Every structure is written in structure tokens, then in C-alpha cells.
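Okay, structure first, notes after.
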Amino acid sequence: MPFIPHTQAEVAAMLESIGATSCEELFQEIPDALKIKGIDGLGPGLTEMQAWRLMQTLAAQDQSKLNFIGAGCYEHYIPAAVWELATRGEFLTAYTPYQPEASQGTLQVLYEYQSMLAALTAMDVANASLYEGATALSEAILMAIRCTKRASNKRILLPKSVHPFYRQVVKTMTSPQAVELIEVEFDHNGQISKQKLDELAKQEFIALVIPQPNFLGILEDVDFLCDWAHQNGALVIATVNPLAMALLKPPGEWGTNGADFACGEGQSLGVPLASGGPYIGFLCCKREYIRQLPGRIAGVTTDLDGKRGFVLTLQAREQHIRRAKATSNICTNESLLATVNTIYLALMGAKGLKQVAVQCHNNTSYLKEALRTMSKFRLKFDSPFFHELVLEFQKPVAEVLEHLAQQKIQGGFDLSIYYPELGNCVLCCVTETKSKQDLEQFIQALEKC
Amino acid sequence: MLIFEKSVANRYPKSQMSAEDIDCSDIPNKLLRKTPPKLPEVSELQVIRHYSRLSQKNFSIDTNFYPLGSCTMKYNPRGVHKIASLPGFLNRHPFSHLQQSQGFMQCAFELQNVLAHITGMNKVSLCPLAGAHGEFVGIAMIRAYHQAHGDLQRTEILVPDNAHGTNPASASMCGFKVREIATNPDGDINLDELRAALGSQTAGLMLTNPSTLGIYERNVQQIADLVHSVGGLLYYDGANLNAIIGRVRPGDMGFDVMHLNLHKTFATPHGGGGPGGGPVAANASLAPYLPVPMVSLVDGQYKWLTELDCPNTIGRITTCMGNAGVLLRAYIYILMLGQEGVRRVSEIAVLNANYLMRNLVKIGYTLAYPSRMATHEFIITLSKQYKQFSVNALDFAKRIIDEGVHAPTIYFPLTVPECWLIEPTETESKQELDNFLRLMQEFLHEAATNPERLKEAPLNLPVKRLDEVKAAKDINVVWSGSM
Amino acid sequence: MQHFPEELMYTITHEWAYKDEEKNIVTVGITDYAQEKLGEIVFVELPEVGLKIAAGDEVCVLESVKSAADVFSPLSGKIVAINEDLEDSPGLINSDPYQDGWLYKLELKDQVEYDELLDVHGYREHLAEEAEE
């Protein structure tokens, strides 16, 4: 039997040792009426080679030549060292560090991870990861409400320029706690409408969510927005692309006082697209809110000999101790991906990271310039951007994407489904992975649509 | 040393950077970062050495026996990992056109189906990213069901007092009040207390079977009837599925909705605490509320089911459908096990646990539930050793890691004093189990003759016992440039 | 040997209360038994001054490394003072639970509630019963 080492002789010896005559006897406490003979539809087991061949055929169907989809999940080059190290058995098959003396590797990596994310976002503290970007935003919103003493309401201003899936997830995850999500329109520049904000300020609210860049790839006026929220007695929740933070002003430096919470998706930092996961959410905050941070947190301490070591700390907030009153129900997080982020950031450093961001910008600018001469589509917004552009076609996006897919080119994300006001619009992403030839090929393919 | 402490100013990865000098002046200055983030400045070889050596400070399934109860630390098959990493899957964007998604979607569709069969449920959503996430979903579905039926007075969720902490925490996150029901001395839920707690305010009951005590809940059908009779629904926590997989289905026991833990039962790697996978399975009544997206097969083509196809869905709970890499690993694992392999898993998991249990009794340890069979796990209590020698469950745990075996789960469930929850799993050989028994015998002797050795443990690891009080008082979770 | 001052009143949830003879102000804390059970306290979450509470309300959270325990108010009234020393020195609750480790003071709403609390003998009896369980 695969992965199970027991020989018949060993099983017999073990049964004798227990005083049982068969393994079936060990299930005697289960009523016979509930016992089944097997699983419907499951055939005989495959060998590793058979499984490999079957899956190779399936995987081969899904290969593309070029990818220009972003929409929250970004294609970047991943240096070989990252996954070579992260998939070492001692990292890959380790467990949650509940026995810290046996887990100093994982604990130190998590501490380094927290430090790096805090540095990247210019915030005071970070936790050891959440599931992914949308759920991280949900947790940040719930946290902001907990951090507001004597809150008279549970109103959160959630701009439409935040990822549509993030907004849907936030709704599902926060509505059971009666959180009121208020939509804020974007203006003709694709940025959060200041006019709409002023209208909404008439009612009290807990926090404003500010994306950077926003879902449309456009840069928001973060200093203004951050100050505006604080002036209105509210907190600021930043949802940011961590790679972009090597180039753009980080949340901790927004406005006069900086954002109160910063969250987002860490997939851009060394994690492959992988058909959607596993990814990794991060959540950072100002020091004064640390006790309300959900999830695990690694901290420094010393051992009996005074030697430096690392432990999970502030556990009293978590589900296994606080139970119904925990800051969150989260238990399993994305530790392996935190390891990946850490190694990637250590390898690239601030300089390497900035260059990736800058190359993304350069390539996207090239596409933007090329578009000026195109007839079949145009740039929808002429605003500052980071690695994504909104292109408007003269025909439905679905047709364009279908045509491109036939050439194994992923053209972009169909915005018309989630933004009725952006009919015939596609969100195209260009990262550092694209060469000039790739872009030429893309442009030509678009022209032929 | 931390990686930061190994930095030298102006080191940067030349092999990762081309020499281009690029102009970003079209971005308004006020939006640009002024000072670079304080990230390490180290060479590639330094990175390789630093993290390789850090990994060597870890215990892992690959290197150590890990009998952690309720965690199912079974072998993470390397072939599965290799196959799941095929470029077609690894490089595919989650929002790719359907034309380049059929391979992945076929795996997902078939996984949805096989999990439905394994659980005896009607339909499966692969979206939840961990067990706790799945619990939130299941409870949110129960909430949606009652609301759809105009049943707005159901404000309470019941859980056994020995429930895993995520159960009450998830119910709370869903806006419910949580009420705990006591367990009897023989490990079953107290039915009288349950009857007294049930009423028109009951939204549902969350149960694990086998329970967190490692015991089969013998009254499960009666419990199901009681809860259903007041209009409540039953949630199954699938953490302990390893004990019954291929033999009993939670759907047949009377559960309405449940989650599975792919990182437990289905051998996906724990990675130091995650990623996980917590698919939710539901019966016909609750299936309409499952989160989207799911995969369907229409005229030979795989398609995404969204909120348009599932009008009663609780909605999206993730950006993409589940932790795809984890889903693939679970699917490949199931393919490799096949019909017989799945049944063999529960068979040997239960054999291994009973073997350890009986032999620990022979050595002189005390069981928490001596009249019950072990399922895939069981509990011993070290209260006697604590009273006699002042050596507690924590001391024993630190002593065993000193011998290269990871300690079992300690002090959970909360209802048994000085407890050890032991789960060997089916992938451990008799040799490994016998070594564990040998060590346990030595420790018992040591507790009587040289208890200091246990109290001082560990002595052989990179650090000795760590000051957790200090970590909570002098909070330092981010490196500030000095220690 | 655990210490329980004679002049204080007690609850079955291990809080103590002491009413100032002249004013209608009651000081509240946790007993020696409770602090020992909790272990070293690393953080205290105190209520806000001015808060109106009812007997049985959760009023504080005492955090140790391994637990986070709720303190239930033995009495109804309005919080008039909190022990701000506990912010920097939460360990005072362990070292001096009856004096420097006091938690909060409240303006008593109902004298009857105070009279109905356990005296030191009643509390000792309760502890003995709990030990037997």
C-alpha cells in the first residue's frame, strides 16, 4: 500500500500485542449500519509513474505562451535559490512551532519575515501571515473596528477601485458581524472620487480602505486620502502591492501620521502563479494595536542560558486559548510562503526589488506608448500607474480574449463583468518578465482581433 | 544571527539585475518612496548558507517522528509534490481563459467529486484555505439557511467543551453566541445537558467524530436526531477523518455540512504552519449556500460556477478557488492511494494508535479513557507522575524532543489534566513505534530516579527552554537594528 | 500558604471587594488563589473610567502567557478609578493582589449586592469544595 510500510508479519505481531485477532476488530465501537465497503468512483491506486503520466497530459493542456493577466496575481521571475531553500524537507515538512526549542528554524524565519514586511510597508509590527490578500483585508477591517474604543457604528468606506473579489470576500467575511460596507466611486481618472468622499464624511465611519496601486493599476493620492480619513476621526487601512512598495511611498509614510493598518497579497514576492495558490496575506499595524493583531506572531526572547531564541508570542489572543473571544479563528496560516517571501527579499534586497518594480514600470510604459498609434483600442485612463493598464476595445472583451487564447496568449482580465461602467475594457499587466519581442507579439495579436 | 546582522552596505544581487538605468519620472514625486526599505544586503551564497543552516534547526516529518494528536503528521509524498509542480499548473494564471484551464479544472472537478463520495455529502466547494476558514464557511452556510427560512431567532451554536478552539472562534466570527456542552467521564457528550441546551434559539451543533479525545462518539445518531428535532443543523469538524476514511461517511452519521483538512488527512505538507486546505462538503439542503467559485462539467467542457449560477451562495471567501497547489497535492495523493489505499489508511492509523496505547499501559502509563478503544489517536494523562515526582506533561514533552522525537500534543483537549494526545499516523513503521515505546519506558524510570533530567530538558537542541513570559512582556516582533 | 484577608468580601469567581467605610466606593481585585492559578500576568486590559457596569459583566482581561482570563464584576455601579500602575507593572497583581495589585474602584449602586458577597469563611468553603471536584 502506498506510503504505508507495514508487512503482513508486522501487522500480525502488532495485533497479537494488542490482543486483537483482526484490524476489523479495532472498529467495533462503530455501528455496523454506518460502515461502508468502499468509496464510489475511486479506482485502483496509481503508481507514481502512472500518476505522473496522467497529470503530465492534463498539465500540458494548460500551458500558455504569454500571460498579460494581473488582477491581483502577478507573474514575476523567481530566482532558483528561493524554492530550492524553501522546499528543503526541514522547512517543507515542519509543523507549527508549538515546541519552540524544536523549531528555531521556522521561528527565526518568521521573525525575519515580520521584520521585512514591516520594513517594506514602513509600519511598526507585522504578524506571521494570513491566508491571502482578500481575507487579510477582511481581518484588517474587523481589527480596525475592535481598535476603535466606544465605536458608535461599524461603517467602513470601501472604494470601488479596490479589487472586486476582495470586496466580495470582505462582504462574506464581515457581514455576520453587522459591518456596514460603503462603496466609494472612482472618478474619470480612475481614482477614488474626492467629491464622493466629502458626501460620505457627513456620517461617522470607522475606517477608509486605500489601495495602492488600485485594482485598475492606477496610483491613488495616498497622502491626501490618509490625512482626509484621520481628519474625519477615522482609521486608515492600506491594501498594497508589496513589490510596488520598493518604488512607491509605503503606507507608514502616507500623509501626516501614516496608515494605521497595512495589508495585502505577498504573492509578488517569490511565489508562482500556481493556478491560484497557495498565496500569502500580510497584515501590519502601528505598535499600539499589536494586541488586536490576528494570527500567529513570532517574538524574540532568551533561553535558560541567556541565549537568544524565538517563540510564538501573544498567544493569549489566539483561538486555542481565547476560543470564542479570540481576535480571529485563524490557526493554520501560510508559513511556507512566509519562508519564500523572506528568502526572496533577502536575496533581492531593496535594490533588487526596486529594479524589478522599475522594469515592470518600464515595460508597461512601452506598451502604453505603443497604444497611442493603435486604432482598435485605446488607453482608458491617462493617470499614473503601476504595471497595469486599462485598455478599451471596440468590441466585447470576451471576443478579444477568446481570439488571443487561441494563440495561447492570456490577454488580460475582463473588467466589464465587474464594472458595468467599464464596458469593453480589459486590464492588462506587464511585468519585468516580458521582452520587447513579447510586447511586439502581443500588440500585433491585439491589432488582429 | 539574523540575516540582517550579516548585511554589508551596498551588497546587491548582481545576477538578478541587469545594468539598465530606468527613468520613472512620469510617476509624481509625492508618490515615490524616498528612503529604501531596510532589507538585508547580503550575497546569494550568504542567503543559501543562512537559510540552509536555519532549516537544520527544525524538526520535520522528513527528519523526526511527530506523533502530534489532531495534526495527522503523516509522510508528505515527494512524488505528489513533483507532479503538483508541473509547469502547466505552476505557471498558469488563475484567471486564465477556459481554453488553458481545462487540465487544472478537471483535477478540481474530480477532487470535488471524490471528496463528496468520501464524505457522503452532496456537493463540495474547494475554496476554503484552511480548516478554520472551512468552519467559518460551514457556520455561515447554516446562518444563511436559517435566514432564508425566516428563522431569525436562532442565535446559538453549541460545541462540546473539548472542541478545538477554532470551533467556538469560528462560530463567534459568524455572529453567534457559543454554548459549551460537557462530556461524560467515558468520553461521550452529556446527552442530558445537550437536551437542556437545545431549543428554538439553537442554530446548530459543531462536533468532531472521533472527538478531540480520540474517541468515537457512540451516540452520534441520537445527537443528530436531537439537534434536527429542534430545527438545528449539524456541523462536522473533519480534523479526525484519518480514523474513519473509507469506512464511515459523516453524511451517513447525520451531519449537514463539514470541512476537511487537506493538510492533515490528505498528506499535503505543513510548511511550518501552513498552507492548508479546508474544502467544505454539504448535503442537499445546504449545498445551495456553498461558496463560489466551483467547477462544473457542461457538454464535455469544464466551466466555473459563480454567484450567477448559485444565487444562494454565501459568496466569495477567497480571491482564487482555494489553495490550488494544496488541492492538486490532495488529488494526486488520492489517485495514488486508490480504493484499497484509502481504506488501508484508516486501518493502519487505528492499528498504530491502539498498538501504542496498549503498550504504554503495559509500561505503566495511565489512559484518560481506559475503557475505550483508541481511534487514530488517544490520550494519556501524566497526573500520576506529576503527583508522585512533580514532573508534568510539559517536562515529558521537553524530554522527548531531546531524544529527537517531536512531542505529542500537550494540554489539549483542555478537559484532561496533564494530557498527552498521541497520534502516530499510518506512515510510521513498527520500528519507529517501538523506539517511541522504549523511550517512554526510560522516561518513566528517569522520572522516579532522576527527575531533574526531565525538568532541565531539552539539553541537546539549539536552545534550552525559552522564556515565554519575557517574550510577552518585552514584546519584540520586528528587528529594529539592534537586539 | 495562600492568604485571604478577613476584612474583604469575596466571590466564587475569585474576585475580592472592599468598601470604603465613609464613601460609597468599592475597590476590586483578584484573590491570591486566582493570581497563582493564572501564573505571571503580562498584560491587563482595564475598563474605562466612567463606564457603568452590572454585576456579572466582564470588566477586565488578565493575560498571562498561557491564558487570558476574564474578570467579572462582583457588583453594579460606575467605574471611578483604574489602577494605572498595572500598565507598566502587571506583575503587581501576582506580588500584591490585595494592595498594590488592585484593579479598579467603583461607585456602588446597591449596598445589598455588597452584603450578599461571600465573607472570608464562605470563600474558604467554596475553595475547599472546588478542590474536591
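The values are calculated or read from the model by the stated rules, or taken from the named source; none is laboratory data. Bear in mind that the values here come from a model prediction, so they are computed numbers and not experimental data. Here Cβ is always computed from backbone atoms with ideal geometry, including for glycine, and neighbour counts include all displayed protein chains.
Scanning region B:259-272 for residues that are part of a loop (DSSP other than H, G, I, E, B) and either over 14 Å from B:C71 (Cβ atoms) or within 9 Å of the chain's Cα centre (by Cα) (or both) returns B:N261, B:H270.
Counting only helices (runs of 4 or more DSSP H) that sit completely within region B:156-241, those holding 1 or more residues that are aliphatic (A, V, I, L, M), free of Cβ contacts under 8 Å to residues at least 12 places away in the same chain and surrounded by fewer than 22 Cβ atoms within 10 Å (Cβ to Cβ) correspond to B:191-197.
Just one of the numbered conditions (1) of a type outside the set (D, E, K, R); (2) farther than 27 Å from B:T381 by Cα; (3) crowded, with 24+ Cβ neighbours inside 10 Å; (4) in contact with a Ser or Thr (Cβ under 8 Å, 6 or more places away or on another chain) is not true of B:G69: (2). Taken together, B:L459, B:L439 contain a single residue that is aliphatic (A, V, I, L, M), in the same structural domain as B:F389 (by TED's automatic domain parsing) and surrounded by fewer than 14 Cβ atoms within 10 Å (Cβ to Cβ), which is B:L459.
The residue of region B:415-431 that is surrounded by the fewest Cβ atoms within 10 Å (Cβ to Cβ), among those that are over 18 Å from the mean Cα position of the chain (by Cα) and facing another protein chain (nearest Cβ under 9 Å), is B:Q431. Only strands (runs of 3 or more DSSP E) whose full extent lies in region C:43-133 are considered here, and none of them has at least 1 residues that are without any contact (Cβ under 8 Å) to a residue 24 or more places away in the chain and away from chain A (no Cβ under 14 Å). Taking the criterion of being in contact with a Gly (Cβ under 6 Å, 6 or more places away or on another chain) and more than 27 Å from A:K325 (Cα to Cα), would at least one residue in region A:169-183 satisfy it? So far as region A:169-183 goes, no, none of its residues is in contact with a Gly (Cβ under 6 Å, 6 or more places away or on another chain) and more than 27 Å from A:K325 (Cα to Cα). Of the strands (runs of 3 or more DSSP E) lying entirely inside region A:288-382, those containing at least 2 residues that are of a type in the set (V, I, T) and touching a residue at least 12 places away in the same chain (Cβ under 8 Å) span A:298-302. On the basis of being facing another protein chain (nearest Cβ under 7 Å), under 30 Å from A:V430 (Cα atoms), touching a helix residue (DSSP H, G or I) at 6+ places or on another chain (Cβ under 8 Å) and of a type in the set (S, T, Y), does A:S64 make the cut? So A:S64 passes the test.
So, of the residues in region B:50-64 that are assigned to a loop (DSSP other than H, G, I, E, B) and either more than 7 Å from chain A (Cβ to nearest Cβ) or not basic (K, R) (or both), which turns out to be farthest from A:A81 (Cα to Cα)?
Per the stated criteria, the residue is B:N64.
The test for being in contact with an Asp or Glu (Cβ under 8 Å, 6 or more places away or on another chain) and more than 28 Å from B:C419 (Cα to Cα) holds for B:G120.
Among the numbered conditions (1) of a type outside the set (A, V, I, L, M, F, W, C); (2) in contact with a helix residue (DSSP H, G or I) (Cβ under 8 Å, 6 or more places away or on another chain); (3) more than 10 Å from every other protein chain (Cβ to nearest Cβ), the only one that A:Q410 does not meet is (3). Is one or more of the residues making up region A:262-274 farther than 26 Å from B:T35 by Cβ, in contact (Cβ under 8 Å) with a residue 12 or more places away in the chain and surrounded by 24 or more Cβ atoms within 10 Å (Cβ to Cβ)? Within region A:262-274 (the criterion being farther than 26 Å from B:T35 by Cβ, in contact (Cβ under 8 Å) with a residue 12 or more places away in the chain and surrounded by 24 or more Cβ atoms within 10 Å (Cβ to Cβ)), the answer is yes, since at least one residue qualifies.
Among all residues of region B:392-402, there is none that is out of contact with any helix residue (DSSP H, G or I) (no Cβ under 9 Å at 6 or more places or on another chain) and surrounded by fewer than 18 Cβ atoms within 10 Å (Cβ to Cβ).
Note on region A:329-351: residues that are within 7 Å of another protein chain (Cβ to nearest Cβ) and crowded, with 23+ Cβ neighbours inside 10 Å total 16. Does A:F442 meet the test of being touching a residue at least 40 places away in the same chain (Cβ under 8 Å), outside the structural domain of A:E185 (by TED's automatic domain parsing) and in a loop (DSSP other than H, G, I, E, B)? When the stated conditions are applied, A:F442 does not pass them. Is region A:18-38 home to any residue that is part of a helix (DSSP H, G or I), at pLDDT 95 or above, touching a Phe, Trp or Tyr at 6+ places or on another chain (Cβ under 9 Å) and more than 30 Å from B:Q46 (Cα to Cα)? Yes: one or more hits. Of A:A246, A:A238, A:A229, A:A207, all but one fail to be assigned by TED's automatic domain parsing to the domain that holds A:E132, under 22 Å from A:G349 (Cβ atoms) and not aromatic (F, W, Y); the exception is A:A246. Summed over region A:1-49, the residues that are under 18 Å from B:R249 (Cβ atoms), within 38 Å of the chain's Cα centre (by Cα) and more than 7 Å from every other protein chain (Cβ to nearest Cβ) give a count of 0.
Here is the figure for region B:348-391: residues that are in a helix (DSSP H, G or I) and either surrounded by fewer than 24 Cβ atoms within 10 Å (Cβ to Cβ) or over 21 Å from the mean Cα position of the chain (by Cα) (or both) total 18.
With (1) closer than 21 Å to A:G299 by Cβ; (2) facing chain B (nearest Cβ under 9 Å); (3) in a helix (DSSP H, G or I); (4) in contact with a helix residue (DSSP H, G or I) (Cβ under 9 Å, 6 or more places away or on another chain) as the list, and A:F165 as the residue in question, which single condition is left unmet? All conditions pass for A:F165, except number (1). Among the residues of region B:370-413, those identified as out of contact with any Gly (no Cβ under 8 Å at 6 or more places or on another chain), facing another protein chain (nearest Cβ under 9 Å), at negative phi and not charged (D, E, K, R) are B:M373, B:A397, B:I401, B:H406, B:A407, B:I410. All of (1) more than 14 Å from chain B (Cβ to nearest Cβ); (2) buried (at least 24 other Cβ atoms within 10 Å of the Cβ); (3) in contact with a Gly (Cβ under 8 Å, 6 or more places away or on another chain) hold for A:L208 with one exception: (3). Would you pick out the residues in region B:82-141 that are aliphatic (A, V, I, L, M), outside any loop (DSSP other than H, G, I, E, B) and facing another protein chain (nearest Cβ under 7 Å)? Correct list: B:I83, B:L90, B:V114, B:I118, B:A132, B:A140.
A:W52 falls short on exactly one of the conditions (1) more than 7 Å from chain B (Cβ to nearest Cβ); (2) touching a Gly at 6+ places or on another chain (Cβ under 8 Å); (3) outside any loop (DSSP other than H, G, I, E, B), and that condition is (1).
For region B:322-347, give me each residue that is part of a helix (DSSP H, G or I), polar (S, T, N, Q) and at the interface with chain A (Cβ under 7 Å from one of its Cβ atoms). B:Q339 - this is the single residue of region B:322-347 that is part of a helix (DSSP H, G or I), polar (S, T, N, Q) and at the interface with chain A (Cβ under 7 Å from one of its Cβ atoms). The set of residues in region B:250-294 being within 12 Å of chain A (Cβ to nearest Cβ), surrounded by fewer than 24 Cβ atoms within 10 Å (Cβ to Cβ) and closer than 23 Å to A:L42 by Cβ consists of B:G251, B:D252, B:M253.
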